[in-house]
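Nothing in this text is a laboratory measurement; each read-out follows from the coordinates by a stated rule. Keep in mind that this is a model prediction, so the values were computed, not measured. Quick reminder, even Gly has a Cβ in these numbers, built from the backbone with ideal geometry, and neighbours come from all protein chains shown.
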Amino acid sequence: ALYQQKSSVSASKRMSSVVLVVLKIIKHYQEEGQGSEVVQGVLLGLVVDDRLEITNCFPFPQHTEDDADFDEVQYQMEMMRSLRHVNIDHLHVGWYQSTYYGSFVSRALLDSQFSYQHAIEESVVLIYDPLKTAQGSLCLKAYRLTPKLMEICKEKDFSPEGLKKANIGYEHMFEEVPIVIKNSHLMNVLMWELEEKSTMADKHELLSLSSSNHLEKSLQLLMDRVDEMSQEIVKYNSYCRNLSKQQQQKHQYLQRRQQENAQRQSRGEPPLPEEDISKMFKPPPPPPRMDTLLIAGQINNYCQNVKEFTSQNLGKLFMAQALQHPSS
Amino acid sequence: VLCSLHGLPLPSSGYSFHDIANVQIYMYTPRLYLQTMVQEQILSWYYGVWTLRGSSGNIQIFSIHSFYSTFLLLKMAVHGPFVKIHPVVLASIADSYERRNEGASRVIGTLLGTIDKHSVEVTNCFSVPHNESEDEVAVDMEFAKNMYELHKKVSPSEVIIGWYATGYDITEHSVLIHEYYSREAQNPIHLTVDTALQSNRMNIRAYASAQMGVPGKTVGVMFTPLTVKYVYYDTERIGVDLLQRTRASPTRTNGLTSDLAQVASAAGRIQEMLNTVLSYIEDVLSGKVMADNSVGRFLMDLVNKVPKISVEDFESMLNSNINDLLMVTYLANLTQAQIALNEKLVVL
């Protein structure tokens, strides 16, 4: 068992994805996912040594109300069968999703990723951030649930004691897998052709100085999350207080019981029957801590993104300053 | 003797016709019939030039530059002369070529996209299994239909606009396949991508078909070339940039760079561009290169783009921006510290 655990930890430390996948994901979002809806799809590929290679992908259609009889599984099966005919790897290795300002840490994601990872150990979820990409550089990240989190999800034990046992913090929920992009030689030739034929790219988005819009949105999302977080904390605190109050009451009751019994004994009467105190003082149900964990993870994510963004912008501002004062 | 088409007068000389008495071109709505005065001549498409096979068997070759332009003008009535291709499509084609079955020399597939008045935009494609031998070709049409249905569920606005094949030439089998596709879409486009790199380049060409031949006798199909343009969405361009950088690395791999490094590399690129411009200016100043007015105008735009702001104003703007950013960083760090603390407190 130990050996197996080790191999599952060291498996797929890296991930390599192919040009085609990147382009397809970008295109899918561009065409179908305007606004803040997420677009999703399935990743196909294979596992090679300690790397997970993603070689192709196909998108999922959006869920619409008038499509009630649309069967996702059917669609997936058909797609994979057809792709097998043309020699495309049909091993399901994960799924991808687009995100809005980095807000992807949610229950739904956790559930989906858990079900994927349960079936296939090395599966990842590829998060594509189109807004950040539009700002200048491709933002594609791959995440996987840590083994600890997998354990917890398997047992569905989300109470505080359970989480305490597993000693899991919000930082240990997802592990990021580094991505490497590989090109085949033919792809390289294609890239050369494209470079020749197309005009000089407009790379100025990366160096634009406007930041307030992006910052505002991010901060707003952050504030919402922090609000939710504080609500959860209040809930937990009240639960703790209730629990301790109840303990006190139980204690007092027991003491009174004992005193009474002692009194009765001294008076020579039979002692009162021992009542089942656990039924009388039913402990309040502990609030599930999973949501809190998720929110904490999300807040962490937002903060990371904001910090990255600000560091980039500071660099750009200093460059602008250098332009204005060439002598200084 | 040539008649005019669409009111366009055609030059009656300027072709190098050899030994052909008369060639007449008729217009017949969007289709074109080429009638020759010499009987039983077949005008066919061989390697990009017209050849006329005489009844005695000798082959004569025309230079067809003017022909081209007239055909292109005609084609505008059917499609515009532009075919816009997204890089996704080319990457898909290259990928399916790499995965072809043993023994298959080329791959074919369907092109999906949108048509508007002046051009055709190809945005997606999928490969279709097919078998090709010397004298027959079989295409799995069921598969093609199924795949199209599946794709339609995701992007309902895409329609079949043609098909692609890898390889350099257009063979007779292509004609058959093209006929099949003309049943699916009107005026299908045929795209060839030379993945075998026959001429040391990956020739990406698009064609549309037209009927031609001697009316009443043998009728053939002619593929007229269309101009190919590459279009990108903004995000696609950025993705392609990253992939371009991949090709420079020796192991053909590339990681995704992190924040400040990206800004640094963008700054580096601008520096390179500025160096090129500077060297050009120095050449002009020293008289090596002729000064070009349009370039001069661009240079003036460039220099004027750096805004002239008074020092105090700029300082105040800079400082306020920096303050904003620093404050946000501080808040972010504070929040992270808070949730970390909260975590620890809960576990107690």
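Taking only alpha carbon atoms, region A:221-277 gives an Rg to Rh ratio of 1.45, where Rh is the Kirkwood radius.
In this structure, A:L91 and A:T146 have a Cβ-Cβ separation that, at R0 = 25 Å, corresponds to a calculated FRET efficiency of about 0.65. Placing R0 at 60 angstrom, the Cβ-Cβ distance between B:N131 and B:L331 gives a FRET efficiency of 0.40 after rounding to 0.05.
Here the simple spin-label model places points 7 Å from the Cα toward Cβ, and for A:V73 and A:R107 these points are separated by 2.3 nm. Multiplying the residue separation of B:D292 and B:N203 by 0.36 nm and removing their Cα-Cα distance gives an extension gain of 28.7 nm.
Approximating the spin labels as points 7 Å out from Cα along Cα→Cβ, the B:S105-to-B:E282 distance works out to 5.4 nm. Counting beta carbons within 10 Å around each of A:V38, A:V125 and listing the fewest first gives the order A:V38, A:V125. Using a basic spin-label model with each label point 7 Å from the Cα along Cα→Cβ, how many nm lie between B:V175 and A:Q324? Result for the modelled spin labels: 7.1 nm. Legend: residue pairs A:K148/A:K250; A:K24/B:K117; A:K316/B:K117; A:K24/B:K344; A:K154/A:K182; A:K132/B:K145, Cα-Cα distance threshold 31 Å; pairs beyond threshold, A:K148/A:K250; A:K316/B:K117; A:K24/B:K344; A:K154/A:K182; A:K132/B:K145.
Neighbour counts of C-beta atoms inside 10 Å place B:K288, B:K145 in the sequence B:K288, B:K145, starting with the fewest. Taking the number of Cβ atoms within 10 Å of each Cβ as an exposure proxy, the fewest-first ranking of A:I179, B:I160 is B:I160, A:I179.
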